[in-house]
1. Could you check, for region 20-27, whether at least one of its residues is aromatic (F, W, Y) and within 14 Å of Y125 (Cβ to Cβ)?
2. Quick one: F57 ticks every box in (1) in contact with a Pro (Cβ under 9 Å, 6 or more places away or on another chain); (2) open to solvent by 70 Å² or more (accessible area, probe 1.4 Å) except a single one, so which number is it?
3. Taking region 1-54, which residues are of a type in the set (D, E, K, R), assigned to a loop (DSSP other than H, G, I, E, B) and farther than 19 Å from E71 by Cα?
4. Among A45, A17, A26, which is open to solvent by less than 50 Å² (accessible area, probe 1.4 Å), under 17 Å from T116 (Cα atoms), over 13 Å from the mean Cα position of the chain (by Cα) and hydrophobic (A, V, I, L, M, F, W, C)?
Amino acid sequence: DMVIQHTAKLGDHAPDAAAGLGLAAAFINPDRLEREFELGRRLPAEWQPHFHLGLCFGLKARSINDLDDFEENLFRLPLPTQDAIRASIRECDRIELLIRADGKPDGYRRWRDQVTEWMSANIEYPMQRQLGNTSGEWRVVSGARVAAES
């Protein structure tokens, strides 16, 4: 509750702080991710996409740091949650590659916005399951790769 109260005092910067909370949460209890999910559920709705992004980025960093430990911790979660985390990390990487390749300015902000939008549209908050696509298949619509409809 104190974290939420202090974050609210940051005004327009609260969403950025919520992303930082998600990132930090992934590092605090990597073996008990349900605690992070509970924190995320308690946040105000307008901060949740940002927390979700930070959680994804923290989990991605965890997977890079120690893949065996990451996989062991992920294995403790329900399969739909495991799939949602893996899909989020893959999409995070895919969007990063696209943004790096286009060479336009403000890449970090655009990456962050696009990953947040993708997660909001495709992953049940917080990291519970993929929305509408459990097959893992993809299709292309207007030049963008999107989840195939079930």
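The values are calculated or read from the model by the stated rules, or taken from the named source; none is laboratory data. Since this is a predicted model, take the numbers as computed values, not measurements. Cβ sites come from the backbone with ideal geometry, for glycine too, and all protein chains shown count toward neighbours. When the accessible area is computed, the model is the full protein with side chains, heavy atoms only, and any ligands, DNA or RNA have been set aside. Shrake-Rupley method; radii C 1.70, N 1.55, O 1.52, S 1.80 Å.
1. No, there is no match, as no residue in region 20-27 is aromatic (F, W, Y) and within 14 Å of Y125 (Cβ to Cβ).
2. Failing condition for F57: (1).
3. D1, K9, E46
4. On inspection, the qualifying residue turns out to be A17.
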